[in-house]
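The values are calculated or read from the model by the stated rules, or taken from the named source; none is laboratory data. Remember, predicted model here, so these are calculated numbers, not experimental data. Positions of Cβ are backbone-derived with ideal geometry, glycine not excepted, and every protein chain shown enters the neighbour counts.
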Amino acid sequence: MAIVRVREHVNPLSRRYQTPTSPPDWSQVFADLSRPLHLDIGCGRGVFLLKMAEQEPEWNYLGLEIREPIVKQALEWRDEAKLNNLHYIFCNVSNSLHPMLASFPKGSLARVSIQFPDPWFKRKHQKRRVVQPEMVSTLAEFMSPDAIVFLQSDILDVAKQMVDRFAESPHFIQDSSEWLAENPMPVPTERELMVQLFGDPIYRSIFRRSELEIPNQVV
C-alpha cells in the first residue's frame, strides 16, 4: 500500500479552492442509497472510513478532503477493497458541503465525524479552521433527528472551539458536558493511535441533532 506524500496543511481560503465541487450521481456511487450515511469531514487518507465501511456494511460512508492527491489514493484503496458503501470526494467543505448534502435523499445523514482537524494555531489563521457557524447550520439542515456529531482533537483549544460552535446552535445538544474518556467509534484514526502512543490526552465530545429548537447552551 504505497503512501502519497502531500503538504500537511492546505489553506481553504486560497483562490484555488473557491469553486464548489459538484456532487456525483449517488445512485452510481453507492449500491443502496437507503442506508444511513456517515460523513467524515477532513477524512485525510480515508483509512478510518475504509475500516468502518468494512465493519458496518449496513451504512454508507462519505469522506470529504481538500488534498486531492490523497483522495485519489483513498479511492484506489477503496476499489482494491471492492467496497460499494464507501466514497471519497476532493472538495473544500466551506463551499461544497451544502450542495453535497442537498443531493442526498432527505434524512440520509445520520452520523458526522470531525476528527483532529488542522489546528491553525495563529489567531489570524483561525478563520481557516473547518468548524465554522455556517458548517454547523448546514449540518443541522440535513441531519436527521437524533443523528450525532462526533468531535475529537488532541489540541484543547481546537476541541473547545468546535464544542462552542455546536453549543451555540439551537439545533444541537451535547450528550455530556464532560470530555469523553473513550472513543465511541469502533475504529480509531491513525492520528488517534499516534497520540495515544505518546500518552497525550484526546478531547472528545458528541452532539445530537435535536428534534426541537433548544435555547443556546452554556458550556
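Structure summary
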| quantity | calculated |
| --- | --- |
| Scope region 83-119; condition over 13 Å from the mean Cα position of the chain (by Cα), among the basic types (Lys, Arg) and at pLDDT 95 or above; matching residues | none |
| Matching residues in region 174-191 - criterion: being among the polar types (S, T, N, Q) and in contact with a Phe, Trp or Tyr (Cβ under 6 Å, 6 or more places away or on another chain) | 174, 189 |
| Tally, over region 83-101, of residues that are farther than 22 Å from residue 32 by Cα and part of a loop (DSSP other than H, G, I, E, B) | 2 |
| Residue, farthest from residue 138 (Cα to Cα), within region 166-202, restricted to residues that are acidic (Asp, Glu) and not in a helix (DSSP H, G or I) | 200 |
| Which numbered condition residue 70 fails, given (1) under 16 Å from residue 190 (Cβ atoms); (2) modelled with pLDDT of 90 or more; (3) in a loop (DSSP other than H, G, I, E, B); (4) β-branched (Val, Ile, Thr) | (3) |
| Residue match in region 157-170 (condition: modelled with pLDDT under 95 and loosely packed, with under 15 Cβ neighbours inside 10 Å) | yes |
| Only listed residue being acidic (Asp, Glu), over 17 Å from the mean Cα position of the chain (by Cα), farther than 18 Å from residue 188 by Cβ and in a helix (DSSP H, G or I), chosen from 80, 58, 54 | 80 |
